[in-house]
1. Can you pull out the residues in the range 629-654 that are touching a residue at least 12 places away in the same chain (Cβ under 8 Å) and assigned to a helix (DSSP H, G or I)?
2. Scan the range 485-504 and tell me whether some residue there is within 16 Å of the ligand (Cβ to nearest atom) and either free of Cβ contacts under 8 Å to residues at least 40 places away in the same chain or not assigned by TED's automatic domain parsing to the domain that holds Thr48 (or both).
3. Being away from the ligand (no atom under 16 Å from the Cβ), open to solvent by 10 Å² or more (accessible area, probe 1.4 Å), out of contact with any Gly (no Cβ under 8 Å at 6 or more places or on another chain) and assigned by TED's automatic domain parsing to the domain that holds Gly261: is that true of Lys44 here?
4. Tally up the residues in the range 110-123 that are more than 13 Å from the ligand (Cβ to nearest atom) and surrounded by fewer than 24 Cβ atoms within 10 Å (Cβ to Cβ), please.
5. So, of the residues in the range 655-666 that are in contact (Cβ under 8 Å) with a residue 24 or more places away in the chain and acidic (Asp, Glu), which turns out to be surrounded by the fewest Cβ atoms within 10 Å (Cβ to Cβ)?
6. What number of residues within the range 25-39 satisfy the criterion of being part of a helix (DSSP H, G or I) and open to solvent by less than 20 Å² (accessible area, probe 1.4 Å)?
7. Looking only at the range 245-291, filter to residues that are closer than 20 Å to Ile332 by Cβ and of a type in the set (Ser, Thr, Tyr); which one of those is modelled with the lowest pLDDT?
Amino acid sequence: MQKKIYERVPVANPEVPERIGRLNELAYNLYWAWNPEAINLYRKLNKTLWEYVQHNPIIMLQEVSQETLKEASEDLEYLKHYDSTMADFDAYMNDTNTWFNQNYPNHSDKSIAYLSFEFGLHESIPAYAGGLGILAGDHLKESSDMGLPLNAIGFIYNQGYFVQKISEDGWQETSNFYLDFHKLPIIPLYYEDGKKVLVSVTLPGREIYAQVWKMQVGRVSLYLLDTTIPENSSYDQQLTAKLYTADLETRISQEILLGIGGVRTMRLLGIDPAVWHMNEGHAAFLSLERCNEMVAAGKTFEEAAAIVRKSDVFTTHTPVPAGNDKFPVWLIEKYFAPMWQKLGLTRDQFIDLAKENTEWGEQFTMPILALKLSEHNNGVSALHGAVSRKMWHFLWPERSVDEVPITSITNGVHSFSWLSRRMGLVFDEYLGTDWRTNPDDPKNWEKVDTIPDFVLWDVRRHQKRMLNNYITRAARKAWLTGSVHPVQIIAGGVMLEPDALTIGFARRFPTYKRGYLILRDYERLIRILNDIDRPVQIIFSGKAHPADEPGKLIVQQLYRAIKDHRTGGRMVFLEDYNMDIARHLVQSVDVWMNTPRRPNEASGTSGMKAAMNGALNFSVLDGWWAEGYNGMNGWAIGTEDEYESNEAQDDADALSLYETLENEIVPKYYYRKDPAEPSTEWMKMMKNAIKTLSPMFSTRRMVSEYVRKLYVPAIQND
Ligand SMILES: *Cc1c(COP(=O)(O)O)cnc(C)c1O
């Protein structure tokens with residue numbers, strides 16, 4: 001029997017005057033996060049406080065003075081803004097003429113489940129580590145915009161990922177914090193009798209429980225599991241404490257909770273998904289639980305697996321075998337012996353579902369489990385699709401490489417989350433507003449060429465000043481703590497010039513992204529940075545995984561160069577990379593640089609965010625850039641050749657990097673007399689970049705491909 005479930009949307013501040021009382025409600029729907037007018041409703045109350053509360057509307061309503069709220073509720077200007085924003089919000093939430101309903105009216109009663117370890121929705125919700133999470137967040141926002149019947153499952157980590165600080169010597173230090181769930185836009189779910197909705201899974205020797213919270217992302221619901229409840233031992237309460245712990249037992253338990261607990265959560269909620277989408281292999285245990293349900297109802301494992309395969313969707317993000325999520329077989333034996341018996345399988349048959357022979361012996365590899373139990377699989381760029389088909393060919397030895405059932409859907413970014421407000425207004429003026437309804441239609445972008453250079457340039461200069469202000473504020477805040485060395489303030493960017501050519505390099509710091517490449521010929525770099533007439537500055541930001549020693553060494557290498565007086569304060573490191581820093585950088589830097597070791601960057605998305613804001617990409621032809629680059633919308637680093645060694649590849653790519661910077665990028669940028677006057681050649685490239693890349697790498701294009709290529713075929717199997 002399905003028990004009815006109730007949600008109790010908390011009230012951030014009961015004292016908000018009734019006339020503007022819906023500020024409480026809007027704070028619990030992330031719709032605000034990608035609608036500048038909605039953000040402004042909170043920000044306008046008190047701009048300083050808005051920065052102080054790190055853009056969290058719930059804390060904002062709790063902290064803002066009663067007097068300010070009262071004034072706002074009587075201010076005609078504010079009320080006009082409030083009423084029109086609320087009307088837009090209502091129109092959005094109640095719209096039934098959505099993209100999905102227009103295109104697939106017969107499927108509007110179906111449901112798609114989307115499971116992911118991380119979701120990057122906003123900087124105030126630290127449930128992400130990097131690109132994978134941001135992609136999942138953007139996928140939800142776009143699904144909401146398009147009206148997809150999608151429900152997502154993930155975790156709310158009460159300690160998030162981690163906070164990064166860089167010591168004076170450049171060493172990454174990590175610290176943790178505890179989130180106060182009353183300050184997050186999460187809604188508890190209850191039964192009629194007032195009991196919390198809990199989902200349970202079995203771990204060796206015990207049952208563990210997770211409370212189910214709901215986060216409303218526009219029209220899409222994201223259900224978040226949380227084990228920090230008294231029903232669990234203190235050990236099990238730690239399960240959803242942190243993202244990506246290195247401890248294998250925690251990891252496998254988390255994946256059991258996500259996959260198996262995810263299926264059970266849908267059942268508790270009375271949702272019967274026709275499609276189950278696994279964002280990366282972390283969620284792959286869901287297939288086993290689905291088989292389990294059918295075997296319990298009388299099917300054989302093979303019959304059940306055949307059904308599961310037809311409705312599972314799997315997205316792989318990992319182009320290197322070593323990067324794949326895997327467990328030693330002994331651990332699988334410890335956690336899954338009861339399950340294989342229930343499935344009617346022997347130990348060996350069960351292990352075979354995901355067996356990989358590696359140099360460390362037999363492993364149980366999650367992407368293999370996902371691939372073996374799903375018919376609808378994809379890599380996240382054309383190149384990554386090809387690399388994946390080759391990498392997993394051994395699972396289909398009877399087929400040719402081209403027939404390996406892994407297609408590709410290149411990633412995209414949610415335009416409205418990443419585009420600066422001002423740039424959006426310029427587009428409205430010169431392109432018409434159709435780009436907002438169909439951001440993936442190249443026709444809507446053709447008129448970018450009609451935007452006068454000085455209009456675009458003014459926005460760009462404004463954004464750069466905003467970045468400079470942001471950096472200065474952060475540096476002052478750090479200095480005021482009294483616990484940082486003066487050189488760290490310089491490293492934090494106080495010597496940046498707003499009108500100098502500025503390059504951004506921000507992302508996680510695994511070794512394959514080669515954050516060190518720019519340092520390869522240090523003397524040459526110093527000459528480039530310090531050219532008196534044509535200075536160059538580089539802003540770095542990003543976290544290394546706490547267990548990744550080589551990654552932390554790269555950060556340190558960079559930091560030492562940044563501190564070196566010879567780099568003139570023109571290299572900068574912004575601590576604790578997050579979505580807020582990312583937004584500031586992609587909306588303002590002139591050039592977005594990326595130096596992955598080809599073909600290790602499955603897609604990359606930060607360059608897409610930068611491109612639609614008018615930055616020019618300067619990257620290795622890997623992942624998305626191998627598709628996006630057309631010779632006139634940015635620059636390539638290196639070639640598409642393969643190299644005999646990493647050293648040779650680094651040498652060739654570094655050489656190409658310096659040459660392009662010296663001979664192309666710097667002269668083109670500085671071909672102008674006055675900072676207020678843009679370089680015509682630069683503007684031509686910028687327009688080409690916005691025009692060609694914005695539609696192609698929007699999540700609108702991406703999600704519609706997921707629907708067409710994977711979701712609808714899976715639904716039709718239902
Ligand atoms: C977009 C984004 C990423 C992904 O960056 P890549 O360059 O694609 O690796 C990582 N972290 C944050 C905070 C982002 O906004």
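The values are calculated or read from the model by the stated rules, or taken from the named source; none is laboratory data. From a predicted model like this one, the values you see are computed outputs, not experimental measurements. Neighbour counts run over all protein chains shown; Cβ positions are idealised from the backbone, glycine included. Surface areas here come from the heavy atoms of the whole protein model, side chains and all, with no ligands, DNA or RNA. Shrake-Rupley method; radii C 1.70, N 1.55, O 1.52, S 1.80 Å.
1. Those that are touching a residue at least 12 places away in the same chain (Cβ under 8 Å) and assigned to a helix (DSSP H, G or I): Asn646, Gln649, Asp650, Asp651, Ala652, Asp653, Ala654.
2. Checked the range 485-504: at least one residue is within 16 Å of the ligand (Cβ to nearest atom) and either free of Cβ contacts under 8 Å to residues at least 40 places away in the same chain or not assigned by TED's automatic domain parsing to the domain that holds Thr48 (or both).
3. no
4. Residues meeting the conditions: 2.
5. Applying the filter and picking the extreme gives Glu664.
6. Within the range 25-39, residues that are part of a helix (DSSP H, G or I) and open to solvent by less than 20 Å² (accessible area, probe 1.4 Å) number 8.
7. That would be Thr245.
Yes or no, residue by residue, for (1) over 20 Å from Pro36 (Cα atoms); (2) of a type in the set (S, T, N, Q); (3) touching a Pro at 6+ places or on another chain (Cβ under 8 Å):
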{"position": "His81", "(1), (2), (3)": "no, no, no"}
{"position": "Thr85", "(1), (2), (3)": "no, yes, no"}
{"position": "Asn97", "(1), (2), (3)": "yes, yes, no"}
{"position": "Glu118", "(1), (2), (3)": "yes, no, no"}
{"position": "Leu132", "(1), (2), (3)": "yes, no, no"}
{"position": "Ser144", "(1), (2), (3)": "no, yes, no"}
{"position": "Ala152", "(1), (2), (3)": "yes, no, no"}
{"position": "Gly160", "(1), (2), (3)": "yes, no, yes"}
{"position": "Gln164", "(1), (2), (3)": "yes, yes, no"}
